[in-house]
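What follows is a short report on a single structure.
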Amino acid sequence: MNTDIRFIFLDLGGTFRVIDEDPAYLSAARAKIAELCGVETDNPNQWFSDVIDKRYDKYRDWALKFMCEAPEEVLWTRWLAFDMDRERILKNASELTYQYRQTKGRRTVVQGGAETVKELCARGYTMGIISDLVGKREVDEWLDADGLRPYFKTVQQSSITYVRKPGPAIYYYALAECGADPKRTCYVGDNLARDIVGAKAAGLGMTIGVQYPGKKPQEVTEANRPDRFITHFAQLLDIFPAIR
């Protein structure tokens, strides 16, 4: 572990952002997906569960196997809506992906997250985001809406790069954009098998695992063991003092 850290990269889902699974919010997104696909159903929740969710499970297996994220158009025409009107699906692919993200819940920054990132920047650290997700629209809209874009020098999304963790390539994109020395870079993530294994494969100098209260514990092995664990995001301030 290198304690001379100057760059801190964050995972998003389960690390910097958490999900509020509001049933009405989820149902509205599922109904919108049925509408965009041209599907008439009295129970969009059941249709979504029987069709889209099951197909997404197969897509996810493929994505994890090849460490690849499919473009939105491919996601829908090959995996999720391959038996529906192709022109309609192509036209609506971006909105469909956006709505799919909403079917998982309303995403908000973890308690103390924004304040911690701002303080780390004030202490002299360069911050970045490396995240696996589908869709090109949602993260940019969130960064602008929450006023957080100025605090992140790099934002790497598998939906843009088409490469996923634990493959090291997406980490290399972030390092290159920041001009960062891998050995002086820390990655913070909640998924040990992807976030931590990927960061180690990319040669990062430090890794921090997130284990928030109430989350199911993960098996820790030699391959995925982070240098430190935190149970609250603001604990990063205890680990990273001001740079002199």
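The values are calculated or read from the model by the stated rules, or taken from the named source; none is laboratory data. Computed from a predicted model, the values in this text were never measured in an experiment. Every residue, glycine as well, gets a Cβ built from its backbone with ideal geometry; the counts of neighbours run over all protein chains shown. With ligands, DNA and RNA removed, areas are computed over all heavy atoms of the protein, side chains included. Shrake-Rupley method; radii C 1.70, N 1.55, O 1.52, S 1.80 Å.
What the table below lists for this structure:
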read-out	value
Residues of type aspartates and glutamates that residue 183 reaches as a straight line, Cα spacing below 19 Å, ignoring anything fewer than 8 places off in the same chain	4, 11, 195, 227
With DNA, RNA and ligands ignored, accessible area of residue 36 (1.4 Å probe; Å², nearest 10)	20 Å²
Prolate/oblate/rounded call for region 134-244, Cα gyration tensor, a/c under 1.5 rounded	rounded
Region 39-150 - accessible surface per residue (Å², probe 1.4 Å)	51 Å²
Kirkwood estimate for the chain, i.e. one over the average of 1/r between Cα atoms, Å	18.9 Å
Solvent-accessible area of residue 220 with every protein chain in place, 1.4 Å probe, in Å² to the nearest 10	50 Å²
Leading residue at positive end of dipole, the chain (Cβ point charges), from 37, 213, 94	213
Heavy-atom accessible area ranking, 1.4 Å probe, most first, across 77, 15	77, 15
Set 153/215; 65/215; 32/153; 65/118 screened for pairs whose C-alpha atoms are more than 28 Å apart	153/215; 32/153; 65/118
Share of alpha-carbon pairs per 5 Å distance bin for region 148-211, given as whole %	4, 18, 28, 29, 17, 4
Probe 1.4 Å - accessible area at residue 62, Å² to nearest ten	50 Å²
Cα centre as origin, Lys/Arg/Asp/Glu Cβ charges: the chain dipole, Debye	680 debye
For region 172-244: accessible area per residue (Å², 1.4 Å)	52 Å²
Cα gyration tensor category, rounded, prolate or oblate, for region 114-166 with a/c compared to 1.5	oblate
Computed [θ] at 222 nm, deg cm²/dmol, the chain (DSSP H ≥ 4; -39,500 (n - 2.57); rounded to nearest 500)	-10500 deg cm²/dmol
Rounded to the nearest 20 debye, dipole of region 1-128 from Cβ charges on Lys, Arg, Asp, Glu	340 debye
Bridge type composition, the chain - antiparallel percent by DSSP, nearest 5	20 percent
Charged-residue dipole, Cβ positions (Lys, Arg, Asp, Glu), region 105-225 about Cα centre, Debye nearest 20	180 debye
Dipole of region 147-239, positive end: most advanced residue of 229, 151, 202 [Cβ charges, Cα centre]	151
Accessible surface, 1.4 Å probe, highest first, among residues 98, 162	162, 98
Exposure ranking of 231, 103 by accessible area [1.4 Å probe, largest first]	231, 103
Carbon plus sulfur fraction of accessible area for the chain, probe 1.4 Å, in percent	49 percent
